[in-house]
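Asks: One structure, as structure tokens, below. Some questions next.
The values are calculated or read from the model by the stated rules, or taken from the named source; none is laboratory data. Here the structure is a predicted model, which is why all the values come from computation and not from measurement. Note that each Cβ is placed from the backbone with ideal geometry, even for glycine, and that neighbours are counted across all protein chains shown. For the accessible areas, the whole protein counts, side chains as well, though only heavy atoms, and no ligand, DNA or RNA atoms are used. Shrake-Rupley method; radii C 1.70, N 1.55, O 1.52, S 1.80 Å.
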Amino acid sequence: MAPADNSASSTITLHVNGGKHTLPVDHRTTLLDALRERLDLTGTKKGCDQGQCGACTVLVDGRRAVSCLQLAVAAEGREITTIEGVAEGDRLHPVQQAFLELDGYQCGYCTPGQICSALAVLDEHAAGWPSAATGDVRPEAGPPPLTPEEIRERMSGNLCRCGAYGSIVRAVEQAARTTAAQPVTEAKEQLA
């Protein structure tokens, strides 16, 4: 019988914002800590470190994820987008622009997670996914109108301790009109 491998670390490759990063990590390292401490991508914020505030929200394979609850080793080989990868050079993504124009932030600490979550909200809505606020969830009903109630429900996993919720909802509404609910990759291609 072969001895068990008791190694507590691995070398992994993370695909972040279109680049590949190979790094050794302890198996207990969260994706959040790998991004912030190992890759110096400090836009993703550590809020509660318990998956309850949404400040650490990133996109993993286009879906939102609270990075404080995901292990870095579990993200190996998946496409990760942080706030640093949303804009195209100096040109802001329409969601970022809407947050800027409509004051969808106050202190700004939660804003990166709010923006990443808003990107996923627009994709989920465009795909016809219902929320708890959706009145008619039958597939043939199609996507519900993206009302303030729908946006609030879909963004409810992201807290803003400053209380900029009204501006955040307006920013998501404006971004939905501007991007016509395109996936983040398509919107980035149009910016190029």
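Asks: In whole Å, what are the extents of the stretch 106-185 along the principal axes defined by its C-alpha atoms, from largest to smallest?
Replies: That gives 42, 26, 17 Å along the principal axes, largest extent first.
Asks: In terms of the Cα gyration tensor, with a ≥ b ≥ c the square roots of its eigenvalues, is the stretch 25-80 rounded because a/c is under 1.5, prolate because a/b exceeds b/c, or oblate?
Replies: rounded
Asks: I would also like to ask the following. With +1 on the Cβ of every Lys and Arg and -1 on the Cβ of every Asp and Glu, and nothing else charged, how large is the dipole of the stretch 12-123 about its Cα centre, in debye rounded to the nearest 20?
Replies: So the magnitude is around 240 debye.
Asks: Moving on to the next point. State whether the stretch 87-126 is rounded, prolate or oblate according to the following rule on the C-alpha gyration tensor (a ≥ b ≥ c being the square roots of its eigenvalues): a/c under 1.5 gives rounded; otherwise a/b larger than b/c gives prolate, and the remaining case gives oblate.
Replies: Oblate shape, in that a/c is at least 1.5 and b/c is the bigger or equal ratio.
Asks: Give me the percent relative contact order of the chain, please, defined on Cα pairs under 8 angstrom at least 6 residues apart.
Replies: Relative contact order comes out at 21 percent.
Asks: Throw me the Rg/Rh for the chain, computed over C-alpha atoms with Kirkwood Rh, two decimals.
Replies: Working: Rg = 17.6 Å, Rh = 17.4 Å.
We get a ratio of 1.02 for the chain.
Asks: For the stretch 125-130, what does the Karplus curve 6.51 cos²θ - 1.76 cosθ + 1.60, with θ = phi - 60°, yield as ³J(HN,Hα) per residue in whole Hz, taken in order and with x for Gly and Pro?
Replies: 5, 4, 7, x, 5, x
Asks: Using helices alone, I'd like the mean residue ellipticity at 222 nm for the chain: each DSSP H run of four-plus residues gives -39500 (n - 2.57), total over residue count, nearest 500.
Replies: Counting only the DSSP helices, I get -8500 deg cm²/dmol.
Asks: With point charges of +1 on the Cβ of Lys and Arg and -1 on the Cβ of Asp and Glu, referenced to the Cα centre of the stretch 7-87, which listed residue (87, 9, 52) lies farthest in the positive direction of the dipole?
Replies: 52
Asks: With a 1.4 Å probe and all protein chains left in place, how much accessible area per residue does the stretch 19-151 have, in Å²? Could you put the intermediate results ahead of the total?
Replies: Values: 6320 Å² over 133 residues.
With all protein chains present, the stretch 19-151 gives 48 Å² per residue.
Asks: Quick check of the Kirkwood formula: for the stretch 10-107, what is the inverse mean of 1/r over all pairs of different Cα atoms, in Å?
Replies: 13.9 Å
Asks: With +1 assigned to the C-beta of every Lys and Arg and -1 to the C-beta of every Asp and Glu, and no other charges, what is the dipole magnitude of the chain about the Cα centre in debye, to the nearest 20?
Replies: That gives the chain a dipole magnitude of about 300 debye.
Asks: Percent of accessible area on the chain owned by carbon and sulfur, 1.4 Å probe?
Replies: 50 percent
Asks: Give, as a single signed number, the net charge of other residues whose beta carbon lies under 14 Å from the beta carbon of residue 154, with Lys and Arg counted +1 and Asp and Glu -1.
Replies: Around residue 154, the charge tally is -3.
Asks: Let me know the shape class of the stretch 57-135, please: from the alpha-carbon gyration tensor, a ≥ b ≥ c as square roots of the eigenvalues, rounded when a/c is under 1.5, otherwise prolate if a/b is greater than b/c, or oblate.
Replies: The shape class here is oblate.
Asks: If you don't mind, there's one more thing I want to ask. Across the stretch 45-55, in residue order, what do the Karplus-derived ³J(HN,Hα) couplings come to in whole Hz, using 6.51 cos²θ - 1.76 cosθ + 1.60 with θ = phi - 60° and x for Gly and Pro?
Replies: For the stretch 45-55, the Karplus-derived couplings read 9, 9, x, 8, 6, 9, x, 10, 10, x, 4 Hz, x marking Gly and Pro.
Asks: Would you mind checking which residues have amide H under 5 Å from residue 79's amide H? H placed 1.01 Å from N; only 5 or more apart, or other chain.
Replies: 61
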